Structure formats: C-alpha cells, structure tokens
1. Yes or no: segment 215-223 includes at least one residue that is more than 27 Å from residue 266 (Cα to Cα) and part of a loop (DSSP other than H, G, I, E, B).
2. Within segment 181-196, which residues are crowded, with 16+ Cβ neighbours inside 10 Å and of a type outside the set (A, V, I, L, M)?
3. Which of (1) crowded, with 24+ Cβ neighbours inside 10 Å; (2) farther than 19 Å from residue 197 by Cα does residue 178 not meet, given it meets every other one?
4. Evaluate segment 65-81: report whether one residue or more is buried (at least 23 other Cβ atoms within 10 Å of the Cβ), free of Cβ contacts under 8 Å to residues at least 40 places away in the same chain and not charged (D, E, K, R).
5. What is the residue count in segment 45-76 for residues that are part of a helix (DSSP H, G or I) and under 26 Å from residue 284 (Cβ atoms)?
6. Would you please list the contacts, defined by Cβ atoms under 9 Å and residues six or more apart or on different chains, that run from a residue in segment 144-171 that is more than 25 Å from residue 106 (Cα to Cα) to a residue that is among the hydroxyl-bearing types (Ser, Thr, Tyr) and assigned to a helix (DSSP H, G or I)?
7. How many residues, within segment 178-194, are part of a strand (DSSP E or B) and in contact (Cβ under 8 Å) with a residue 24 or more places away in the chain?
8. Just one of (1) of a type in the set (A, V, I, L, M); (2) under 18 Å from residue 291 (Cβ atoms); (3) in a helix (DSSP H, G or I); (4) in contact with a Pro (Cβ under 8 Å, 6 or more places away or on another chain) trips up residue 42, so point out which.
Amino acid sequence: MLCSKFEFVVPKMPKVIILDGGMSRELMRVNAPFRQPEWSALALMEAPQLVEQVHAEFAAAGAQVLTTNSYALVPFHIGEERFFQHGEKLAAEAGRLARKAADSTGQAIIAGSLPPLFGSYEPDKFQASLAPTYIDILVRGLAPYVDVWLGETLSLIAEAEVVVTATKNSNKPVWIAFTLDESDESPPSLRSGELVKDAARWALHSGVKALLFNCCRPEVIDAAVCVAKAVVGESVRIGAYANSFEPKPKMHQANEVVSGLREDLSPVQYGEYANRWIESGASIVGGCCGIGCEHIRLLAAACKNQPADVEKLLR
C-alpha cells in the first residue's frame, strides 16, 4: 500500500505495532531545557509540560505505544544523591505525563522505560549487586501508570534478567530491547559480545512477550531480526527501533556529548529500513534517538490498514 505523502510501501505482513520515537531530540526541537549529564531528565524536572507535549505529538503521529521519559532517571545521569531522594517521584511523574497524553488521545498504551542502570553501551560497568536496588526505585514509581515494561538499550543478558526479576510481581507484560554491536562482523551480537541467538534463546525461556533491538544504526538490525526470528518463531514478538546517530569510534562513550545526527535517514529512508525489518519478521517498529514524529507518522500511515491491536497484548 502507498502512503499518499511518501513513496514507501509496506508489504502484506503480520499486523505491526507502532512505537513512538526518540524523546531526547524531540525535547530539543521544542526548546525544552537540555544538557549533560541530566539529558532528557532535565525537562522532566524543569519543563514537564514539554514532555507531555512530545508524548502527545507522537500519539498524534500514530504511535500506539508511548514510552515514559524515565530513561535518564539513573545515577549515571542525575547523580546518586538525587536519584535516591527523588528518583521514585520523578519516575512517577514520567509515568503520569505519558498516561495523561495517552488518555487525551485514547489510542496508546504506556511502556515503562527501564534503562541500563550504569550507563548506555557500558556492559563492563554493570553491577549485579546494586542493580536490584536501583531498578526497584524506578519500578515503584512507574508501576501505577504503565501497561507494559520495556527494558531498553540493554547491552547484556544480565541487564535483561534484572528487568524480568524486578517486574515479575506486576502481572504486566515485559518487552526487552537489546542494543547491538555496530560492526559489520557476523554473526550479530550485543554490545557485550554475547550472540543475538543466545539472547533470543534467553528470551524464549524467560517469559518476555517481545524481543527488540534498539539504539544502534539501522544497518545492523536486519541480521539480528532474522537470527532472533529463527530462534523464537511465533512464541515471542520481534521488534526494532534504530537511532540516527552519526558513526562513532569503537571506544565512544554514550552521552559524553550531544551526538550529531545523520543526514541520510529521512522519514522515507528510515521507513525503507523498517520495511526490511518487517519483511524479516519484526512486528513492532518505531524509532530511538533522532527518530522523530515525522518518521513515526510515515510508519503509522504506511501500516494504517494493518495496525496491531495492542490491547490484546495486555490480556
């Protein structure tokens, strides 16, 4: 089918769930306060109305899932003292704002973002002894507002296990999104070096409802989708949402600067990548850092005759 505004065709595939895009760059677009190290958490503290505005704009663009602005609510970004004093309250505010925007549109569910607790792309910094304490604060704050848990941009399987354990008593579905090694080496792997096929085997037996790949360049996602789909079949949904960051050196640390964005990922170009993921078996697509409302508008429009009923995921 053709979208009237864009030259992008979505094949006849299983019904697709449309996620929202990246919160941080949309906050910058609407002139929300934004700096390091707080990142997107700063707007939550100083301009919550703009966080709600971005959620509402993603919903208006056709996103069926709004992700809470809780990604930067970790000591890595806001400092340990502020995290322990105000982390639960800030997480609750993130959940409340997403829920308010969803209720105003009547068409979206809320995914509670549970981020890497010790910094993005930093698998070597993971501390198993501290992780439960950190994540429980976020879960308590978000729980009243979310429909599904989304552990995202996770670099190793152990991070995902923490998410599953922390949310097991909530009776809400869990989705896990791993970020991928961005080299062109084969077979596809997580940033920890663990193979995607092993992550998919873990997902198959962990009880998660969806396995996604996010916050990496779109070129490396299709191979991961193919491998994961071969392992999980129809038992676990597969999804993908890439970023549009410019290429970085291998040793680059995430969030050390405000990264530049690629100029070759227009909504149409990004949609072509999403098309490949769908053809390979993905049934959840959206965007991460730098993928904005126009990208999501295209994906939603192209999939308008085959949207998934996300409410069924919650039954």
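The values are calculated or read from the model by the stated rules, or taken from the named source; none is laboratory data. None of the values given here were measured: they were computed from a predicted structure. Note that we place each Cβ from the backbone using ideal geometry, even for glycine, and neighbour counts take in every protein chain shown.
1. Filtering segment 215-223 for residues more than 27 Å from residue 266 (Cα to Cα) gives none.
The answer is no; no qualifying residue exists.
2. 181, 182, 188, 189, 191, 192, 194
3. Single failed check for residue 178: (2).
4. No, segment 65-81 contains no residue that is buried (at least 23 other Cβ atoms within 10 Å of the Cβ), free of Cβ contacts under 8 Å to residues at least 40 places away in the same chain and not charged (D, E, K, R).
5. In the first step, residues of segment 45-76 are kept if they are part of a helix (DSSP H, G or I); the result is 45-46, 48-61, 75-76.
Okay, now just the ones that are also under 26 Å from residue 284 (Cβ atoms), so 51-61.
Residues meeting the conditions: 11.
6. 160/206; 161/206; 162/134; 164/206
7. Of the residues in segment 178-194, the ones part of a strand (DSSP E or B) are 178, 180, 189-190.
Imposing the further condition that a residue be in contact (Cβ under 8 Å) with a residue 24 or more places away in the chain reduces the set to 178, 180, 190.
Count: 3.
8. So the condition that residue 42 fails would be (2).
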